[in-house]
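> Handing you a structure now.
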Amino acid sequence: MSTEVLTPGAAARPVIRLRVPLVALFALGSAALMAWVLRGKALFLPTDSIPTATQLGLSGSGHHSSGSRQVAPITGDALANLPGLALLGMHVMLVAVALVACAVRRFRWDTDGIAAKLSFSFLVAATTAMVTLLVATLALGPAISFANTLAAAVVILQYTFVFAIVGVLLFGVP
């Protein structure tokens, strides 16, 4: 005769199991959309240096001013830039999609239900829009204006929501 002692919350907490390939699919798709839209909204893609305000005569003479600001050489090459932006975004999106899927499952919604699918899609889209601001700042810097970054985030919000809705209809919530 074995005696099991159950704590009050032991039986009530199910183990959340994510489907890792689906998390990777949603993260990769979101990051690819992000890279494509950011690349289209960039004003220019420099390869050497950008003149600063002191070179243009817009600023007074200060002892901390420098003549130009160097940019990453990869920004001018579209063949390297698109996968680079997507890879940078995918690292953050892997964590974000996994957290969103865990949050949706934590609320114990039926993952085949409408509420779970809409919530997952909206949260993935909102997270991708926020990650867009980070990726644009880190990777493109002065090559994209703040207004264009916000416009890209709104477009990415729309595209990613549609992508996520189609994904959850086909494959379900990860």
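> Examine segment 143-156 for a residue that is in a helix (DSSP H, G or I), modelled with pLDDT of 95 or more and within 14 Å of ALA27 (Cα to Cα), and state whether such a residue exists.
Yes, the conditions are met somewhere in segment 143-156.
> May I pose another question? Taking segment 134-151, which residues are under 12 Å from the mean Cα position of the chain (by Cα) and open to solvent by less than 30 Å² (accessible area, probe 1.4 Å)?
Within segment 134-151, VAL135, ALA136 meet the criteria.
> Also: LEU170 is checked against (1) over 21 Å from LEU82 (Cβ atoms); (2) modelled with pLDDT under 90; (3) of a type in the set (A, V, I, L, M, F, W, C); (4) open to solvent by 20 Å² or more (accessible area, probe 1.4 Å) and fails just one. What number does that condition carry?
(2)
> Can you list residue pairs whose Cβ atoms sit under 6 Å apart, with the first residue in segment 144-170 being over 19 Å from LEU134 (Cα atoms) and the second being open to solvent by 10 Å² or more (accessible area, probe 1.4 Å) and assigned to a helix (DSSP H, G or I)? Count only pairs 6 or more apart in sequence or on different chains.
PHE163/GLY29; VAL168/LYS117
> Further question on the same structure: Across segment 114-133, which residue is farthest from the chain's Cα centre (by Cα) among those that are more than 14 Å from SER30 (Cα to Cα) and open to solvent by 60 Å² or more (accessible area, probe 1.4 Å)?
Top of the filtered list is ILE114.
> List, please: which pairs have Cβ atoms under 7 Å, are six or more places apart or on different chains, and start with a residue in segment 114-128 that is in a helix (DSSP H, G or I) and end with one that is among the hydroxyl-bearing types (Ser, Thr, Tyr)?
VAL124/SER30; VAL124/THR160; ALA125/THR160; THR128/SER30; THR128/THR160
> Here is a follow-up. Can you tell me how many residues in segment 25-55 are modelled with pLDDT of 75 or more and open to solvent by 40 Å² or more (accessible area, probe 1.4 Å)?
Total meeting the criteria: 7.
> Please give the number of the condition VAL154 fails out of (1) open to solvent by 40 Å² or more (accessible area, probe 1.4 Å); (2) more than 19 Å from ALA32 (Cβ to Cβ).
(2)
> Does segment 86-113 hold any residues that are touching a helix residue (DSSP H, G or I) at 6+ places or on another chain (Cβ under 7 Å), open to solvent by 70 Å² or more (accessible area, probe 1.4 Å) and part of a helix (DSSP H, G or I), and which are they?
Once the filter is applied, which keeps residues that are touching a helix residue (DSSP H, G or I) at 6+ places or on another chain (Cβ under 7 Å), open to solvent by 70 Å² or more (accessible area, probe 1.4 Å) and part of a helix (DSSP H, G or I), segment 86-113 yields nothing.
The values are calculated or read from the model by the stated rules, or taken from the named source; none is laboratory data. It should be emphasised that the depicted structure is a prediction, and the values quoted were computed from it without experimental measurement. Don't worry about glycine lacking a Cβ; one is built from the backbone with ideal geometry, like all the others, and counts go over all protein chains shown. Keep in mind that these areas ignore ligands, DNA and RNA; they rest on the heavy atoms of the full protein, side chains included. Shrake-Rupley method; radii C 1.70, N 1.55, O 1.52, S 1.80 Å.
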